């Protein structure tokens, strides 16, 4: 098992009313994608940016410290690893770009919301680093949307009827026609999720993704 603690100590204040010097965060190596090492600090930055750019993605506030032992941190780490590997795959397929205007808009949104926040200042995020992370996030989202569209299949009436017959007890005496479209939607979503999981596993192996917290 590979676990490394970086010597860098980041001073931050995530809780209101606590002085900045009261909280010390040790940046820890938590994962890797190809040659890129993912740190707990990077996961925190990505978590905040995600909450700002895609607020509907999570209900909890992005403006707090994520402790490595938290379930929320593990979820954020998984999301960061997948984001990094999807963006890398996009770049290797020569579709790893988004309009500069979109990057600038996203960057401005993060900078506006985090301006003056002591916890963000403590992370010491450089403009260049933030731009790279925002750009990676946008590339990954764009490519994932493209991949999702390409993996979405069409469920035939016969497939829907077969599911209906196998699960007839659920539907009672209501005729197949009443459920046909709902069944097709359900089966299509189920098929898409399975295809995406398989694709994720392929690219995770391809780029040697490591999650050190899970090991």
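The values are calculated or read from the model by the stated rules, or taken from the named source; none is laboratory data. Quantities reported herein were computed from a predicted structural model and do not represent experimental measurements. Counting neighbours? That spans all protein chains shown, and the Cβs are built from the backbone with ideal geometry, glycine included.
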For this session: Taking residue 37 as the residue in question, decide whether it is surrounded by fewer than 16 Cβ atoms within 10 Å (Cβ to Cβ), touching a strand residue (DSSP E or B) at 6+ places or on another chain (Cβ under 8 Å) and outside any loop (DSSP other than H, G, I, E, B).
Result: yes
For this session: From 139, 203, 183, grab the single residue that is surrounded by 11 or more Cβ atoms within 10 Å (Cβ to Cβ), in contact with a helix residue (DSSP H, G or I) (Cβ under 7 Å, 6 or more places away or on another chain) and more than 27 Å from residue 98 (Cα to Cα).
Result: 183
Problem set entry | Yes/no for residue 132 being under 21 Å from the mean Cα position of the chain (by Cα), under 24 Å from residue 55 (Cβ atoms) and either assigned to a loop (DSSP other than H, G, I, E, B) or at pLDDT 95 or above (or both) | yes
For this session: Identify the residue in segment 63-119 that is closer than 27 Å to residue 206 by Cβ and exposed (fewer than 13 other Cβ atoms within 10 Å of the Cβ) and, among all such residues, is modelled with the highest pLDDT.
Result: 92
Exercise. So residue 197 clears everything in (1) under 20 Å from the mean Cα position of the chain (by Cα); (2) part of a helix (DSSP H, G or I); (3) loosely packed, with under 11 Cβ neighbours inside 10 Å; (4) modelled with pLDDT under 95 except one condition, right? Which one?
Worked result: (4)
For this session: Test residue 147 against the stated conditions and say whether it is over 30 Å from residue 99 (Cα atoms) and in a helix (DSSP H, G or I).
Result: no
For this session: Name, by its number, the condition in (1) surrounded by fewer than 14 Cβ atoms within 10 Å (Cβ to Cβ); (2) touching a helix residue (DSSP H, G or I) at 6+ places or on another chain (Cβ under 6 Å); (3) under 24 Å from residue 54 (Cβ atoms) that does not hold for residue 145.
Result: (2)
Problem set entry | Candidate set: segment 94-129, residues that are part of a loop (DSSP other than H, G, I, E, B) and without any contact (Cβ under 8 Å) to a residue 40 or more places away in the chain; chosen: the one farthest from residue 46 (Cα to Cα) | 94
